[in-house]
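Data first, discussion second: the structure below is written as structure tokens.
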Amino acid sequence: MTEPLGALLGAAVPRHCPELENPHQSALALVAHVLGKPKTWVIAHSDTYLTPAQTREIEALLERLCAGEPLAYLTGKQAFFGLEFNVSPAVLIPRPETELLVESGLAWLEKHPQAHRALDIGTGSGAIAIALAIKCPRLEVLAADISDQALAVAQANIARHDLQVRVSTIKSDLCQTIAGQFDLLTANLPYIPSQKLLQLPGLAWEPQTALDGGEDGLTFIRRLLSQAAPLLNRTALILLETESSLGPQTAALANAAFPHGTIDLHRDLAGLDRLVSIQLTE
């Protein structure tokens, strides 16, 4: 026997990594992960003693956490849009700012009840595709990614949420191998300019190919916009997440590619440019 849960939660993370934000919550998540219990169970059983093996496992995870490895990769899961997803270093960790894209898609789907097919490009963990499908039960989604490893994570999440009937995956370099007509196209592509990415050490643990948007950050968005039109119905919506400093440039590319569409630039909860929408109507 070693120290009880309460003592570990109170001291372990501060002892290892005093500069970490929300150390208690990080410790709680790691302990719950190691014990295979909900966090509420851990809190309610703070007098429970850990075994030496459990303590060693938690201590090892804490060392990795303090070295900068994201908590989501240590636990293998991340919350997004009120849902839980499997994650691994093969995919980006879903972030709260991307929920704006899902909310915008759902609002449009509610106003267009005939829309029932969506395409998610660069799906990664599948979080966007799955969140849309869960919140809009009539929706069928095709989730595309160029990475086999990312598609494996997406497929595991589709199965986790029992959506195999309505959400499918395809390996594709953007739209290259995709056929059919869609009402909604969503994309959270690599959009950080290459030089800026070098100045963001906090992202070093995540797949760089899912972050690096090329010299100006718009390489993949530009390519997608050049490929998207044949895949869209006459009434359709495109939603593109973009880097906070590239909102006007992304909107300009959208306007050039779809001069008859309605282009809007949306800000996230932090007031930063985050999402470009392109509405097409007959």
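Within the range 178-213, take every residue that is among the small types (Gly, Ala, Ser) and touching a strand residue (DSSP E or B) at 6+ places or on another chain (Cβ under 6 Å) and give me the one that is farthest from Glu110 (Cα to Cα).
Our first condition is that a residue be among the small types (Gly, Ala, Ser); within the range 178-213, this holds for 179-180, 187, 194, 202, 204, 210, 213.
Adding the requirement that they be touching a strand residue (DSSP E or B) at 6+ places or on another chain (Cβ under 6 Å) leaves 187, 194, 213.
Working: Ala187: 20, Ser194: 37, Gly213: 32 Å.
Looking at residues that are among the small types (Gly, Ala, Ser) and touching a strand residue (DSSP E or B) at 6+ places or on another chain (Cβ under 6 Å), I get Ser194.
Please state which one of Phe85, Phe81 is more than 25 Å from Ala204 (Cβ to Cβ) and in contact with a helix residue (DSSP H, G or I) (Cβ under 7 Å, 6 or more places away or on another chain).
On inspection, the qualifying residue turns out to be Phe81.
Yes/no matrix, rows are residues, columns are (1) at pLDDT below 85; (2) over 30 Å from Ile146 (Cα atoms):
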position	(1), (2)
His16	yes, yes
Lys39	no, yes
Leu61	no, yes
Ser88	no, no
Arg95	no, no
Leu106	no, no
Lys111	no, yes
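Do you know which residues across the range 114-157 are closer than 14 Å to Val91 by Cβ and assigned to a loop (DSSP other than H, G, I, E, B)?
Result: Gly122, Thr123, Gly124, Ser125, Gly126, Ile146, Ser147.
(1) assigned to a helix (DSSP H, G or I); (2) in contact with a Pro (Cβ under 6 Å, 6 or more places away or on another chain): which one isn't true of Gly217, the others all being true?
(1)
Could you tell me whether any residue of the range 91-104 is among the basic types (Lys, Arg) and in contact with a His (Cβ under 6 Å, 6 or more places away or on another chain)? Show your work before the answer.
Keep residues of the range 91-104 that are among the basic types (Lys, Arg), which gives 95.
Checking the rest, the ones that are also in contact with a His (Cβ under 6 Å, 6 or more places away or on another chain) come to none.
No, the range 91-104 contains no residue that is among the basic types (Lys, Arg) and in contact with a His (Cβ under 6 Å, 6 or more places away or on another chain).
Report every pair of residues separated by at least 6 positions or lying on different chains whose Cβ atoms are under 7 Å apart, first residue within the range 115-139 and within 9 Å of Ala154 (Cβ to Cβ) and aliphatic (A, V, I, L, M), second part of a loop (DSSP other than H, G, I, E, B) and at pLDDT 95 or above.
Matching pairs, first to second residue: Ala127/Pro94; Ala129/Thr123; Ile130/His161; Ile130/Leu163.
Taking the stated definitions as given, is Pro201 of a type outside the set (Ser, Thr, Tyr) and more than 24 Å from Leu275 (Cβ to Cβ)?
yes
Please go through the range 85-123 and pick out each residue that is among the hydrophobic types (A, V, I, L, M, F, W, C) and under 19 Å from Ile238 (Cβ atoms).
Scanning the range 85-123 gives Leu100, Leu101, Val102, Leu106, Ala107, Trp108, Leu109, Ala115, Ala118, Leu119, Ile121.
Is it fair to say Arg274 is farther than 26 Å from Gly180 by Cβ, modelled with pLDDT of 95 or more, of a type in the set (Lys, Arg) and outside any helix (DSSP H, G or I)?
Details: farther than 26 Å from Gly180 by Cβ: yes; modelled with pLDDT of 95 or more: yes; of a type in the set (Lys, Arg): yes; outside any helix (DSSP H, G or I): yes.
Yes, satisfied.
For the range 164-183, indicate whether the set of residues that are assigned to a helix (DSSP H, G or I) and either of a type in the set (Lys, Arg) or surrounded by fewer than 23 Cβ atoms within 10 Å (Cβ to Cβ) (or both) is non-empty. I'd like the intermediate steps shown before the answer.
Pass one, the range 164-183, residues assigned to a helix (DSSP H, G or I): none.
Looking for residues that are assigned to a helix (DSSP H, G or I) and either of a type in the set (Lys, Arg) or surrounded by fewer than 23 Cβ atoms within 10 Å (Cβ to Cβ) (or both), one finds none in the range 164-183, hence no.
Give the residues of the range 227-282 that are over 24 Å from the mean Cα position of the chain (by Cα), small (Gly, Ala, Ser) and surrounded by fewer than 19 Cβ atoms within 10 Å (Cβ to Cβ), sorted by residue number.
Ala229, Ala252, Ala256, listed by residue number.
The values are calculated or read from the model by the stated rules, or taken from the named source; none is laboratory data. Here the structure is a predicted model, which means the values were calculated and not measured. Methodologically, a virtual Cβ is constructed for each residue, glycine included, from the backbone with ideal geometry; neighbour enumeration extends over all protein chains shown.
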